[in-house]
Structures are given as C-alpha cells and as structure tokens.
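To keep things clear, I will list the structure first and then write my remarks on it.
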Amino acid sequence: MKKIYKCIVTDDYANSLQRVVSRTTEWCNTWLSKLNINKCKVVSYSRKEIIDPNYYITEENTDYTLEKVDSIKDLGVIFDSRLNLRNHNYAE
C-alpha cells in the first residue's frame, strides 16, 4: 500500500503532486506492478478553504480520474477529512 501526500498551498503544489502520481504510475508499469485504480482514492485534510484539483492515473493511454472521498480506512483507523473520530466504535 502506497500513500502519497503533499501540503497543497497553490496550484503549483497540486501540479507537483500530480507529477509524483504520474511518476509512481510509470514506475509501477516499468516493474509490471499493476495499480488497482478502483482502490486509489484522494482525501484532503483541512480546516480552511482548500485547493481541490482532480488527480488522475494514466493506464494504457486512458486517463482515470481518482475518486475523491471524505474518509478512508487504513489499518482499522478511519481518517476523516475533518480529522474527526466520531466514526470509530470504542469499546465501553
């Protein structure tokens, strides 16, 4: 499982992140490690107004826009875009 992140302050930062995603995709293609595009997601964390561009992965000359989600589960922990823990079930 790979995670890529960058603090997005301007459009240039967003473009830089897209370049990293593209290079990662190229690396995977070179080493015959196919990405499961359906499992690739984008989640943004912020308390303020955010720059929210679309990111994409190119596979076989087709651009796939990555799905934006409000939360994502990783190793049993739910990461909410507002960093809220209300979706966790705590043992009583």
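Here, each number is a calculation from the coordinates, and none is a lab measurement. Since this is a predicted model, take the numbers as computed values, not measurements. In this analysis, Cβ positions are derived from the backbone assuming ideal geometry, glycine residues included, and neighbour counts consider all displayed protein chains.
Within the stretch 1-13, which residues are farther than 22 Å from Lys73 by Cα, exposed (fewer than 11 other Cβ atoms within 10 Å of the Cβ) and of a type outside the set (A, V, I, L, M, F, W, C)?
Thr10, Asp11, Asp12
Based on this model, can you work out whether Ser16 counts as of a type in the set (Gly, Ala, Ser), closer than 29 Å to Gly76 by Cα and either surrounded by fewer than 14 Cβ atoms within 10 Å (Cβ to Cβ) or within 13 Å of the chain's Cα centre (by Cα) (or both)? Explain how you work it out, then say what you get.
Details: of a type in the set (Gly, Ala, Ser): yes; closer than 29 Å to Gly76 by Cα: no; either surrounded by fewer than 14 Cβ atoms within 10 Å (Cβ to Cβ) or within 13 Å of the chain's Cα centre (by Cα) (or both): yes.
Considered against the rule, which asks whether it is of a type in the set (Gly, Ala, Ser), closer than 29 Å to Gly76 by Cα and either surrounded by fewer than 14 Cβ atoms within 10 Å (Cβ to Cβ) or within 13 Å of the chain's Cα centre (by Cα) (or both), Ser16 comes out as no.
Restricting to the stretch 32-69, give me the number of residues that are among the charged types (D, E, K, R) and surrounded by 11 or more Cβ atoms within 10 Å (Cβ to Cβ).
Let us first name the residues in the stretch 32-69 that are among the charged types (D, E, K, R), namely 34, 39, 41, 47-49, 52, 59-60, 63, 67-68.
Right, trim to surrounded by 11 or more Cβ atoms within 10 Å (Cβ to Cβ) and you get 41, 52, 59, 67-68.
Result for the stretch 32-69: 5.
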